[in-house]
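Throughout, read-outs are computed from the coordinates displayed, never taken from laboratory work. These numbers were taken from a predicted model, which means no experiment stands behind them. Reconstructed Cβ throughout: ideal geometry from the backbone, glycine too, with neighbour counts over all protein chains shown.
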Amino acid sequence: MAVAALSSFTSPLSSSTVKFRYSFYSNSSFFLKPLHCHCKISPSNPQPHHRHNHREEVVGKKKKPRECKDERSGKGSVVGPQTAAYKSFGISKKDKESLIFDSKDQQVEPNNIQDSAFLNAVVKVYCTHTAPDYSLPWQKQRQYASTGSAFMIEGRKLITNAHCVEHDTQVKVKRRGDDRKYVAKVLARGVDCDIALLSVESDEFWRDVEPLRLGRLPHLQDSVTVVGYPLGGDTISVTKGVVSRIEVTSYAHGSSDLLGIQIDAAINPGNSGGPAFNDQGECIGVAFQVYRSEEAENIGYVIPSTVVSHFLIDYEKNGRYTGFPCLGVLIQKLENPALRACLKVQSNEGVLVRRVEPTSDANNVLKEGDVIVSFDDVRVGCEGTVPFRSNERIAFHFLISQKFAGDTAELGIIRAGEFMKTKIILNPRVHLVPFHIDGGQPSYLIIAGLVFTPLSEPLIEEECEDNWGLKLLAKARYSLARFKGEQLVILSQVLANEVNIGYEDMGNQQVLKFNGTRIKNIHHLAHLVDSCKDKYLCFEFEDSYVAVLDREAVAAASSSILTDYGIPLERSSDLSKPYVDTPEGDQPSGKEYSDSPVSNYEIGFDGLLWA
C-alpha cells in the first residue's frame, strides 16, 4: 500500500508537530504535517526531539489514487482530495540542517540570482515553542526550538508560515549575511491559511533592504524559484522548478481548502515561510508544505499571492485576522440526468444542498433539496466547479474564499422547480471539535479530582485514538455545532482520592448532564457546579454511566487534591469570568450526530463536498 504524506516544513533547531484530524478511506493513505524543523533542547539532551515527532500520522485513505492537492486550503483546477502526503517545512539543529515587483528593476537572469538584491529580504526565523499539555491542561510541555524562513514586505513587516511560530514563546530573525539575531513579535496568525505576520522594532534590521511585493498568480509551466533556509546549513538556499498545477488544495496546518500552487522545485524542512519567485523576480507566494509518496516525487506547495493578499487585507481592515468565510453547506454533484430531472433542473448545472450547518447564516435561508446554480451571478457547474481564468475550471468554494468575514453573497437557487435569488452572510466556520486551541492553553475544571476539559483534535492525538470510545470518536469526526459556543466536555482523567473512590479508572468519556441539566460547554458546567445547592453532585456520562459526589465532601477535599498533585488552580482562568448563557439553535437536542462528515478529507466520495 502506497503511503503519502502532506506535511509543512520547519526544521529542528526546531521541530514542531501539527495535529491533524484523522479520516479513513480505502487503499492509499496520506497525512498532513507542517514543514519546519524542530527539536527539544535541554542541557542533558542537546539532540532535537519532540514527543510527537517520532511517527507519521495517517489522515485518510482514498478509493483510488488521485492527483495530489496543495495544502489544506487551496483553489485549483482539480476538485477533491487526492492520495497524497504533505509536509510543512523548517530546519532543526539535529539535521543541521496589493503589490507587484517593478519587473525592470527586479528582472533576474537564472545565472545571476545569487547576486539579486531581493534575496536580502529573505530572513531566517528562530522560534522557541512551548505547547500546551492537553492531557494535563494546567501545565505546558517541555519547550523545543525550530527554524524556518520569512521575508520582508512593506510596512516593516515579515511574512512567514503560522506553523513556524505556533505556540511561540520567543521569535528571532536573522538577515542574510548578518550574525545578529533580532527579536520579532507575532502580530497575527492565520491558522486556516498557514500565514503569520511578524514585526521587528529595530531600525537597523530594516536598513538598506528593499521589501518584497506580491506579484500575479502564475500560469502553468511558469518558472518558479524557491528561496529559504532549509536543512544543511545557515546560508540561503535557492531551488528552481516550474508551476505544475493551480487548484483548490488541502492545507495541512489549517485543515482547510484554499487555492494552492503545486511546483516541482525542491522544498525541504526549513523552507517554510520562504518566498517563491517567478523569472521577473515577482513574489508569487509562500512555500509551506510538500507531498510525500512512494508513487510521486518533487511535489511541493506554495500559498499563492492571492491568499497572502487576502490575509493582509483582512488584518489591515479589522486590526486582527478574522479568517476565511464559508457557506456552511454540504453539496452533492448533479452529474446524473435522472437526478437533475427529479429536482426539476432543466440545464446541466447546479449542486444539490444535502446538509446545512446550524451555526451558519445559510441555515436561515437554504433548505435540504435546494439546488445552487449560481454564486454572485457566476454559474456553478454540475460537478461543483466554476470558470477560472481563460479555459480552466476550479472548485466552487474558490469563489467563497474570495470573500471576507461578514460579506454578503447572492445565490441563485432552484427550489421545487422554481428559480429564485437569495442573499447569505458569509462567516468563518464554527468547529465543534477544534483543530487548534485559541489562546494556546486549553480550558479545564477539576472537581474532587475529576478533570474536565473540552474535546479537541490535539487532545485526541495526544491521548492516542485507541483510548477513545467509538461513539465519542464518531461525534468528534461527524458532528456539527448546533449553536455557537457548543463544546464536547470530556472527563479526561480522575486524580485518585478518598472522595472519588470507585471512579479512579474513568477517563476520556463525555459528560452529558449535571444534576439533570444538559451541558452546553465547560464554562456552563463550571457555572452549574458553582451554583449548585443540592446535597449531591451528579454527573451523567456517555453510555448511561453516572458518578455521584457529596457536595460538602468535595469542598473539603479540593484543596488537598490540588496540593497532592501539585496543581496551582482548580480551573483555568477563563472559567473564573462570569458565565453568559448561550442560546441553543432550533435543532433538536436529541440529534447528537449524523452520518454526514464535516470535512472534505473525511468524505471519501468525490460526489460530496463541503462549501
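A few points about this structure:
- Shape of the range 329-425 from the C-alpha gyration tensor: oblate (a/c of 1.5 or more and a/b not above b/c, with a ≥ b ≥ c the square roots of its eigenvalues).
- Gain in span if fully extended, Asn298 to Asn467, counting 0.36 nm per residue against the direct Cα distance: 57.2 nm
- Approximate spin-label separation Arg551-Ser223, in nm, with each point projected 7 Å along Cα-to-Cβ: 7.7
- Cross-linked pairs Lys475/Lys520; Lys344/Lys421; Lys367/Lys471: Cα-Cα separations exceed 24 Å for Lys367/Lys471.
- Cα gyration tensor, the range 220-290 - rounded (a/c under 1.5), prolate or oblate: oblate
- Cα-Cα separations in the range 445-576 greater than 24 Å, expressed as whole percent: 26
- Longest to shortest principal axis, alpha-carbon extents of the range 169-279, angstrom: 39, 29, 27
- Dipole magnitude for the range 329-425: about 160 debye, using +1 per Lys or Arg Cβ and -1 per Asp or Glu Cβ, origin at the Cα centre.
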